[in-house]
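The values are calculated or read from the model by the stated rules, or taken from the named source; none is laboratory data. Only a predicted model underlies this, so the values are computations on that prediction, with no experimental measurement involved. We place every Cβ from the backbone using ideal geometry, glycine too, and count neighbours over all the protein chains shown. Please note that ligands, DNA and RNA were not included when accessible areas were found on the heavy atoms of the full protein model with its side chains. Shrake-Rupley method; radii C 1.70, N 1.55, O 1.52, S 1.80 Å.
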Amino acid sequence: MNFRKVSDRELRCSVSVEEIRAKGLEVSDLLKRSEKTYEFFEYLVQEGQEETGFEKSGPMSVEGIFLNGTLELIFRSVDEDEIDDWEDREDEDDYYEAPTPSLPDIDPESGEVLKLIQVHFSSAGLLYKFCQLLPFAEKVPSSLFLVDGVYVMVMDLDQCTRTEIGAFCMLANEYGLESAYGDLQASQVMEHGRHICDDAVYRIHEMKPVEK
């Protein structure tokens, strides 16, 4: 992991997937508030303080983006008047806001409407985990195809919020082989791939493991 002090109020950190997993976490775990997530962020800030001389003063927020197998985090000190609306925090001094991943690189000429997005999965198991962890599966129209032994999920994220799209990107980076954006690319999958089913994200999300 690598740290950089940007200012007295801001600390940046680069941490790899391997380093996250070494702490017993997955990237997807960082999308939700939990004791383990808070402890991990606190650990990173402490390491950053020792390495850069950054001094933590009161509550902090954190934003993140997942790029090429590395999670880029920005920790910022938060003024007291900024946390008046925060709820369910046990200790303000150790409170962190869940990271907000950035949007994918979408063509700015496309306006408000997102193009179709496809994610490739190397196995049914990884596809299952992706769909199970997607908390807004019912909002994502989707179709599943098989192309040259690879599962390809074609999805429409037009009804999703910016935060939801950020969560989608983190999960896609963690469990998918690759992603592609654009209606033309999606149409090629639909034309040449073997169609498995529609509403695939929601159907798989609702699946329950078989009890042995």
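All conditions in (1) free of Cβ contacts under 8 Å to residues at least 12 places away in the same chain; (2) open to solvent by 60 Å² or more (accessible area, probe 1.4 Å); (3) over 14 Å from the mean Cα position of the chain (by Cα) hold for residue 161, with the sole exception of (3). So is residue 148 open to solvent by 50 Å² or more (accessible area, probe 1.4 Å), touching a Leu at 6+ places or on another chain (Cβ under 6 Å) and not β-branched (Val, Ile, Thr) or not? Taking the combined requirement at face value, the residue does not satisfy it. When we screen 207, 170 for residues that are in contact (Cβ under 8 Å) with a residue 60 or more places away in the chain and under 18 Å from residue 28 (Cα atoms), the only hit is 170. Hey, could you check segment 1-34 for residues that are in contact (Cβ under 8 Å) with a residue 12 or more places away in the chain and part of a helix (DSSP H, G or I) and say which is farthest from the chain's Cα centre (by Cα)? Among those residues, the one meeting the criterion is 19.
Residues checked against (1) over 22 Å from the mean Cα position of the chain (by Cα); (2) open to solvent by 30 Å² or more (accessible area, probe 1.4 Å):
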| position | (1), (2) |
| --- | --- |
| 172 | no, no |
| 179 | no, yes |
| 183 | yes, yes |
| 187 | yes, yes |
| 190 | yes, yes |
| 194 | yes, yes |
| 204 | no, no |
| 207 | no, yes |
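With the condition kept exactly as written, say whether any residue in segment 102-109 is open to solvent by less than 70 Å² (accessible area, probe 1.4 Å), modelled with pLDDT of 85 or more, more than 25 Å from residue 60 (Cβ to Cβ) and not hydrophobic (A, V, I, L, M, F, W, C). Within segment 102-109, none of the residues are open to solvent by less than 70 Å² (accessible area, probe 1.4 Å), modelled with pLDDT of 85 or more, more than 25 Å from residue 60 (Cβ to Cβ) and not hydrophobic (A, V, I, L, M, F, W, C). Selection of segment 33-51 for residues being open to solvent by less than 40 Å² (accessible area, probe 1.4 Å) and under 14 Å from residue 5 (Cα atoms) yields 44, 45, 48. Residues in segment 39-88 that are modelled with pLDDT under 80 and on the phi > 0 side of the Ramachandran plot: 58, 68, 69, 88.
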